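In what follows, a structure is listed as structure tokens, so that the remarks can point back to it.
What follows draws every value from the coordinates through simple rules; no lab data is involved. Here the structure is a predicted model, which is why all the values come from computation and not from measurement. Here the Cβ positions follow ideal geometry from the backbone for every residue, glycine too, while neighbour counts run over all protein chains shown.
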Amino acid sequence: MSKHRPECIECGESFQYERKAIGYDTCTQCGDEDARLVKHTIVPMHKSNYVVISNLKDLEGINNKGGFHR
């Protein structure tokens, strides 16, 4: 019984079984390219901890100390 290596859904190349087992459908090269498209930043909150922001709209008024924001 022969196992076939999983194929990348973007380029069609085969990749590691372990990568497929943890839920990835792309090879490491395509996965790296996809990861570079996602942008995020870390924002300090007033008298609190840091928060990860991935949507620019979420930054509006975030450190406003409860004041009015338009």
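P(r) tail, the chain: Cα-Cα pairs separated by more than 18 Å, 59% of all pairs. Label zone (Glu10, point 7 Å along Cα-to-C-beta; backbone nitrogen cut-off 16 Å) within the range 39-57: 39.
Taking other Cβ atoms within 10 Å as a rough exposure proxy, Arg5, Arg19 sort from fewest to most as Arg5, Arg19.
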